[in-house]
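Every number here is computed from the coordinates shown, using simple stated rules; none is lab data. Since we're looking at a predicted model, the values are computed, not measured. Because the Cβ atoms are built from the backbone with ideal geometry, glycine has one as well, and the counts that use them run over all protein chains shown.
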Amino acid sequence: MKVIIFCGGKGTRLREETEFKPKPMVEIGGKPIMWHIMSRYARYGFKEFVLPLGYRGEVIKQYFHDYTIRNSDFTIDLASGNAAIHNPGDRLDWKVTLCDTGEETEKGARIKRAAAHLDDGPFMAAYGDGVADIDIDELLRFHKSRGTIGTFTGVRMPSRFGTVSTDEKGNIASWEEKPLLNQFTNCGFFVFEHEFLDYLSTDEHCDLEKAPLERLAREGQLSMYRHNGFWQCMDTLRDYMLLNELWDRGNVPWMKFSGK
């Protein structure tokens, strides 16, 4: 089963890092956040990726084209251009397909434009700016058990502010700093049957979260897998700093693997 990683957005709220590179290339611990997401799938045996490129897609192309050289010692013959690799470092057995899908294209159209690189069966997809300790096998088992065309992963929304409960006299009944709300938000990590492609178009305005998923929901063909573990997006500079602080402390839940 192939995995689409959305990587065409501009990341305007993280302009400090995205002025010269796409958001999925912003690093955690010296590796792009896209690499961390792909590593999660690879640990469960899913190592074929399709990357629909957009904003500064050439940066992502260059990264994967030079991956072996970047992570190895080598000798290069400048006359022939041939390179001999010495002590290869981070060698990966992934297959990565990179395809240009337009700089202004929405996510639904990106899937449709990249459809030629998918197989005939189901496929997975994930946002390129969020990490989680999600169990991919459990997600797939849930999707198959529901029998729907699509499944997305939901996480409980964290409050931006602390909450305080009082009685009528103003006495404090409880104080909770930034609690999790009893509402869920879509954090990505999708599974789709192949027929979902019929819900999409190549029109650049075809946004995944609007008409396509709304239609699936109306037709009873959309399920939500509840993830109660770790999830963190990289939407702002504050998020970027938080994820790198976790990495520096060795507290990296999205890299932990159950081994099931």
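Observations on the structure shown:
- Lysine-lysine proximity count for region 3-255, Cα under 17 Å, sequence distance 8 or more or distinct chains: 14
- Working ranking of peptides 93-106, 186-199 by packing, defined as the average number of other Cβ atoms within 10 Å per residue, highest first, is 186-199, 93-106.
- Considering only GLY9, CYS233, ILE60, the residue lying farthest towards the positive end of the dipole of region 3-255 is CYS233, judged by Cα position with unit charges set on Cβ.
- Estimated [θ] at 222 nm from DSSP helical runs (n ≥ 4, -39500 (n - 2.57)) normalised by residues in the chain, nearest 500: -7000 deg cm²/dmol
- At R0 = 25 Å, FRET efficiency that the Cβ-Cβ distance of ARG91 and LEU242 yields, to 0.05: 0.25
- Each residue, LYS210 and ARG226, gets one label point 7 Å from its Cα in the Cβ direction; the gap between the two is 3.1 nm.
- For ARG146, ARG110, ARG218, the sequence from fewest to most other C-beta atoms within 10 Å is ARG218, ARG146, ARG110.
- The ranking of TYR67, TYR240, TYR41 by Cβ neighbour count inside 10 Å, starting from the fewest, reads TYR67, TYR240, TYR41.
- Projected label points at SER72 and GLU103, each 7 Å from Cα along the beta carbon direction, are separated by 3.4 nanometres.
- Taking the Cα centre of the chain as origin and assigning +1 to Lys and Arg Cβ atoms and -1 to Asp and Glu Cβ atoms, the resulting dipole is close to 440 debye.
- Maximal additional length on extending the ALA116-ARG249 stretch stands at 43.7 nm, based on 0.36 nm per residue less the C-alpha distance.
- Here r is the Cβ-Cβ distance between ALA79 and MET1 and R0 is 45 Å; the resulting FRET efficiency, rounded to 0.05, is 0.55.
- Here, the chain yields an orientationally averaged convex hull projection of 18.2 nm² when only Cα atoms define the hull.
- Least to most buried among ILE149, ILE69 (fewest other Cβ within 10 Å first): ILE69, ILE149
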